[in-house]
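Only the coordinates and a few stated rules stand behind these numbers; no lab work does. Predicted model, so just to flag it, every value in this text is computed and none were measured. Don't worry about glycine lacking a Cβ; one is built from the backbone with ideal geometry, like all the others, and counts go over all protein chains shown.
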């Protein structure tokens, strides 16, 4: 008994040093030396300013201003509306505003919940309002699921290429570009499936939007 | 459904099997003390550890001594982890390792978390990035990711030694098995795995949370941390406790379809290899193949159902008018709670894998799975972790079922049941029967308590109306009693307002009940399994005769599947009817 206790206590201490300090420090060290970009979160800078991480989704919305020209807030959250000049990410339901990467969370919308249907219907309506004026043939039947459903992390950096191609109509009109130019950009930024067979092809929204800005000659 | 989706599933199984056969051979050598490739490098550190721990590795322990070492070691781990988590913002913790100055979670949440990590469950009533300091994640949670995995594996090894033992009492030495498991099995794969993950974009740093200013004039704060090291052992040890709240759905934990595939391999590699190791150690590889066939049949069935159901879409989507079939440029399906880069197949496969094993990591929200798709994690848990199962726990659980199947088979043909030359008698059958019943008992008893009481129902989320609320509750206790740790994540109760961090969830009732369930359903079966091993170890071997029922052919595989479904799944059938099956069959909205 006593022997077991002594061995257990020494064991926990020694193994904590090995597995809790040496191991993470070693891995982090290797990461920092061999893959510094990836280990630090694939930061994206524009003009020396950090604009986000390549693999963390973000919102391309602008704050809505009230009559005094100040950003409007409701229930402590900034009220925003989509910036039509940018491709929009998937809907996100993190607390404290969408795409809150300091506190990731699942939406936990059940498959048979009326609340899920309502959220879906609302997102469909918003999507149609945003895009139909530029793509008159657009109906609910054409809307890909990723444009309506929230993701697992609510920080999904990608949208489907079908989603991007619908939004391309709006982008082309808003930025006075030809549709083929925008479509070409979408194709350039559509990733293949992982290893050629696994997962789904997707478009990284941040990269695509930054490419759009570069096309237009720098940040607006 | 898509061709590439099915291809992913098939390729995964082929690659897994090939790797597991090789690792199984390696592990059999490790536990029989043969020389392996790593011996020249690791023999020194191994001897050093024995010296520091003051153990005599060659001294065999009978089942009681083995169990005593295991329990005391786990208890010591429990106390130390509790201490670490409760002193998260003590004066000696450097600021850089707790950059946001988080206070410790309250005692009740900590009780749950500690019980959870020590039992290899990793149920989380907290959100990683809003509760835990970097130091707590490293020296607290990461360490138990290793140790609880090691403890699980050594129990399986001890049981195999009992089965093959030739009239001795020794099951081996707990300390030797533990040290060898960590050094020779977990460490090489985990280090390699972590480096692969960081090369693909899993982060590994100690920097403060980033503040980004987006092109549209918003600010975004991005959580950081030493993730890669924890991610690798979290998957490899079938632990499953995410660094971040959304676990492997988070792009920093699982950035690409490739890492998704790789993480799935990490989860299943040891549970699958243990089956082949068992075959080798018994001296008859066909014994291992028979078990592998059994679990693979059930696993593939589960994957296929989950994939088809999720690809079909959910009633809520259809009611909103959404079209869920595959179109050009979109995979369709029930993408609610799923990431674009993994798609439907990558999500269904991942969550099936982590619920057949005791991993419990998720890359998509199980709560948002369709009724039938969500019934798959349910059934996986209902089968009590025998379909591959957790590292070690899977093998020893299914071996208890094998024992039961041999017994039932023996009764059917009217002969004394024999298993690998050993006569099975009342004592072993009683112990195995008890071992099999502990988990269902804990799960159903706790679910009943939680649904029948106000304190229990407080944990059900606002959105969890009707059968969804029941599903949340049943899943919570099923998951905790199976030491799985995945969740219908709406089942958290409120955020504790005075915790000093913003991520401590759960009400006291659920924290305590869950913690007790996890401890009971982990150490109960472990003790019973070791007792079975002890009972078998002393038996003499008689050569197989003409009348001996074979345990390595197709007939036995069918019998074993039958017993598992009969005992495991049917225990839960009435409860499953009330939740996921109602939802899957009606399409009604609540």
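Among B:532-545, B:184-197, how do they line up from the highest to the lowest mean number of other beta-carbon atoms within 10 Å?
Top of the packing list down: B:184-197, B:532-545.
Just tell me how shielded B:513-521 is by partners: mean number of partner chain Cβ atoms within 10 Å of each residue's Cβ, no decimals. Write down the numbers at each step before the final one.
Working: counts 0, 0, 0, 0, 0, 0, 0, 0, 0.
Mean number of neighbouring Cβ atoms from other chains: 0.
Within 10 Å of each Cβ in B:499-508, how many Cβ atoms from other chains are there, averaged over the peptide?
Shielding by partners across B:499-508 averages 1.
Can you compute the helix-only [θ] at 222 nm over chain A? Use -39500 (n - 2.57) per DSSP H run of at least 4 residues, normalise by all residues, nearest 500 deg cm²/dmol.
Estimated from H runs of four or more residues: -12000 deg cm²/dmol.
Please give the average number of partner chain Cβ atoms lying within 10 Å of the Cβ of each residue in B:240-252, rounded to a whole number.
Going residue by residue through B:240-252 and averaging, the value is 5.
So how far, in whole Å, is the C-alpha centre of region A:93-125 from the one of region B:124-186?
With region A:93-125 and region B:124-186 each reduced to a Cα centre, they are spaced 38 Å.
Among bridges DSSP assigns within the protein assembly as shown, what percent are antiparallel (round to 5)?
Among the beta bridges of the protein assembly as shown, antiparallel pairing accounts for roughly 100 percent.
Which angle from 0 to 90°, rounded to the nearest 10, does the C-alpha axis of helix B:467-481 make with the longest principal axis of chain B?
50
Which angle between 0 and 90 degrees, to the nearest 10, do you get for helix B:227-236 versus the longest principal axis of chain B when only C-alpha atoms count?
40
Which of the peptides B:229-242, B:548-561 is most tightly packed, and how do the rest follow, going by the mean number of other Cβ atoms within 10 Å of each residue?
Ranked by mean Cβ neighbours within 10 Å, highest first: B:229-242, B:548-561.
R0 = 25 Å: FRET efficiency of residue B:578 with residue B:325, Cβ-based, nearest 0.05?
0.20
What is the protein assembly as shown by shape, rounded, prolate or oblate, if you read a ≥ b ≥ c off the alpha carbon gyration tensor as root eigenvalues and call it rounded for a/c under 1.5, prolate for a/b larger than b/c, and oblate otherwise?
prolate
Going by a ≥ b ≥ c, the root eigenvalues of the Cα gyration tensor, does region B:315-385 fall in the rounded group (a/c under 1.5), the prolate group (a/b larger than b/c) or the oblate group? Walk me through the numbers on the way to the answer.
Values: a/c = 2.84, a/b = 1.74, b/c = 1.63.
Here region B:315-385 falls in the prolate category.
Counting each DSSP H run of 4 or more residues in chain B as -39500 (n - 2.57), what helix-only mean residue ellipticity at 222 nm follows after dividing by all residues, to the nearest 500 deg cm²/dmol? Present the calculation step by step, with values, prior to reporting the outcome.
Details: 22 runs with 340 residues, N = 590.
About -19000 deg cm²/dmol.
Taking the Cα centroid of region B:306-335 and of region B:197-244, what is the distance between the two, rounded to the nearest whole Å?
30
Hey, what angle do you get for helix B:508-537 against the long axis of chain B, alpha-carbon based, 0 to 90 degrees rounded to 10?
With rounding to tens, the tilt is 20 degrees.
Does region A:51-157 classify as rounded, prolate or oblate by the C-alpha gyration tensor (a ≥ b ≥ c root eigenvalues; a/c under 1.5 gives rounded; else a/b over b/c gives prolate, otherwise oblate)?
Because its axes are fairly even, with a/c under 1.5, region A:51-157 counts as rounded.
So if I take the centroid of the Cα atoms in region B:435-477 and the same for region B:388-422, what is the distance between those two points in Å?
31
In whole Å, what are the extents of chain A along the principal axes defined by its C-alpha atoms, from largest to smallest?
Here the Cα extents, ordered largest to smallest, are 79, 47, 43 Å.
Would you please calculate the Kirkwood hydrodynamic radius of region B:255-302 over all C-alpha pairs and express it in Å, rounded to one decimal? Working shown, then result.
Values: mean 1/r = 0.0846 Å⁻¹.
For region B:255-302, inverting the mean 1/r across all distinct Cα pairs yields 11.8 Å.
Per residue Cα convex hull volume for chain B, in cubic angstrom?
Values: hull volume 90.2 nm³, N = 590.
With only Cα atoms used, chain B gives 153 Å³ per residue.
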